[in-house]
Structure formats: C-alpha cells, structure tokens
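This report concerns only the one structure given below.
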Amino acid sequence: MSALPKIHLANVRKSFGPKDVLTGIDLDVAAAESVVVIGGSGTGKSVLLKCVLGLLTADSGTIEVDGTDVTQLSANDRDDTNKKFGMLFQGGALFDSITVWENVAFGLIQGSGMTRADAKELSLETLGKVGLTKDVGELSPAELSGGMQKRVGLARAIAGSPEIVFFDEPTTGLDPIMADVINDLIVTCVKDKGITALSITHDMASARKIGDRIAMLYQGKLIWIGPADDVDHSGNAYVDQFVNGRADGPIHMELRR
C-alpha cells in the first residue's frame, strides 16, 4: 500500500464571481517531497496556495493534510493544522516595526508561546542556517537588501520546524546570482529537515533546482505533472512554450490595443 500523501487535492475549484480560476485541481504531494507549480501571471497559482493554507475557501473539492480534509475543520482544529505550516511570502512580508530576530521569532512567540529569550536564541540560530550573522538579528528589515530580506523570510518560515513549507515566488525581484543562493538555501533547508514543500513560481531556473516534481497550471487545471528533470522534454506544447519563454505557441497573451 502506498504511503498517505502529505497533501492531497481532489477536484479543487475556486471562482471569483463569473471568473473561474481553479476548475478542478488534482495533486498529491508526498512527505518530504518538493513540488513546484509553474504557470503564467494570473493563472491562479497564488489562489491555489491560499486555498491549501486556508486563506481562501475553495468552492468545492477536497484538500487533505495528513489524511484530514481541512475544508471541513472547525476554526480551532484548522489553527492546529496550520501549526504544521511555514510560509515564505513573495514580498518577504517582514514587519518594519520590529527587529530581524523578532520577525523570525514572531510565530514562535505568538503561535507557540515560547519565551522571548528562547525564541531569540532559536531565531539567531536559524538566521545562521540561512547565512546571516547574529548582528543582523538586531537590525530592522529596512536596513537589509532584498536578498537579505528574503533570507530572513526563509528563516522565519523554517524556525518553528514546520512539516510543510509553502514558497510563494521565492526568487521574485532578485538578481540571478542571489536567486540561485536562495534556491540553494531552500534545497538545503528542506532536505536537511525532511520538510514537504509546495512552491509556486514562474522562474524556471528556480523550479528546476528546488522541485522534485513540477506541475503546470493553465486555465484552471494542472495540465502536466512530472519529474523536474523531464520538464524540458515534456511532450506538452504548452509546457514547452512556457519553459522556453516563447511568444509563439498555444498560449496566447491577451494584449490590449
């Protein structure tokens, strides 16, 4: 018998008024597996992630975490499930009014009830894992470069030893070298801790490096799912056009004239 998926999505649908965004998503993510969902801007990648997180409520379908359908949980039970999650937000989403170490420790203190002293010790240790020295912990987020802010966001995402981490466009806004640094850190942190990862991106270099498998979202459905090594010879014309960044192909951009 196959192991129970860490995350299981079946026929997940989400619309906003007349606009159908997700039209039947089916996806399994195994424990300690890294799955990356690719697709163009506005295709619903963030909506998919938010439905799994519970930030949005799916219109229909099943979303299971460790075999439990989280769409049917009470608010308190949902909060317990969410303690399994860590999140690296696209824009960093750091709090400007507190120090870097307090940002990393925010969930430890507010969510887990850890003392400030213990939380600070763990946050400084976690900053070291993403290549930041202890003195950075005393700075404010405004004093950091974009790449450093992204590292702090990664440290916050893994500080509580989550079972599952969501990565929302982890390399957006970074130069190619810093993007690769972040990708390497994600791979190291996820593999070292045995974390299950679900990421969304349109950066193919990132998708290839951090994903065990890649899935492409197009017109509300996952039209291809396969090993990351196969994405460049998927046999799917839509995937081929996207990964090669070609204007010509079955995907047509809507241009206003």
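The values are calculated or read from the model by the stated rules, or taken from the named source; none is laboratory data. No experiment lies behind these values; they were computed from the predicted model shown. For neighbour counting, all protein chains shown are included, and Cβ atoms are generated from backbone atoms with ideal geometry for every residue, glycine included. The area values use the complete protein model at the heavy-atom level, side chains included, leaving out ligands, DNA and RNA. Shrake-Rupley method; radii C 1.70, N 1.55, O 1.52, S 1.80 Å.
Lysines within cross-link reach of LYS19: Cα-Cα under 29 Å, excluding same-chain residues under 8 positions apart?
Straight-line reach from LYS19, under 29 Å: LYS45, LYS50, LYS221.
Please list, or write none, the lysines whose alpha carbon is within less than 18 Å of the alpha carbon of LYS209, excluding same-chain residues fewer than 8 places away.
Of all the lysines, those that pass the test against LYS209 - Cα under 18 Å, at least 8 places apart if same chain - are LYS150, LYS191, LYS193.
Along the positive direction of the dipole of the chain (beta-carbon charges: Lys, Arg +1; Asp, Glu -1; about the Cα centre), which of ALA179, GLY67, ILE251 reaches farthest?
ILE251
How much of the accessible area of the chain, in percent, comes from carbon and sulfur atoms when a 1.4 Å probe is used?
The nonpolar share, carbon plus sulfur, comes to 51 percent.
What helices in the chain pass both tests, a Cα length along the helix axis of 18 Å or more and a mean Kyte hydropathy of -0.5 or higher, using whole DSSP H runs?
Working: long enough: 116-129 (20 Å, -0.69); 146-159 (19 Å, 0.16); 176-193 (26 Å, 0.67).
Helix filter hits for the chain: 146-159, 176-193.
At a Förster radius of 41 Å, what calculated FRET efficiency corresponds to the Cβ-Cβ distance of GLU125 and THR23, to the nearest 0.05?
Between GLU125 and THR23 the formula returns 0.40.
Averaging sequence separations of C-alpha pairs under 8 Å and six or more residues apart, then dividing by the length of the chain, give the relative contact order as a whole percent.
Dividing the mean separation by the residue count of the chain yields 24 percent.
Taking the radius of gyration and the Kirkwood hydrodynamic radius from Cα positions alone, what is the Rg/Rh ratio for the range 69-176, to two decimal places?
Rg/Rh for the range 69-176 comes to 0.99.
Hey, how much of the P(r) for the range 1-116 falls beyond 24 Å, as a percent of Cα pairs?
Values: 2477 of 6670 pairs.
Result: 37 percent of Cα pairs exceed 24 Å.
Collect residues whose amide H, placed 1.01 Å from N in the peptide plane, falls under 5 Å from the amide H of GLY173; neighbours closer than 5 in sequence don't count.
none
Using the heavy atoms of the protein chains alone and a 1.4 angstrom probe, what is the accessible area of the chain per residue in square angstrom?
Heavy-atom SASA per residue in the chain reads 49 Å².
Sum -39500 (n - 2.57) across every DSSP H segment of at least 4 residues in the chain, then divide by the residue count to get the 222 nm mean residue ellipticity, nearest 500.
Only helices count here, giving -10500 deg cm²/dmol.
Debye calculation, C-alpha points only, no solvent: report log10 I(q)/I(0) for the chain at q = 0.15, 0.17 Å⁻¹, in the same order as the q values.
-1.11, -1.35
Would you mind calculating the relative contact order of the range 24-113 from Cα pairs under 8 angstrom and at least 6 residues apart, reporting the percent as a whole number?
Relative contact order for the range 24-113 comes out at 13 percent.
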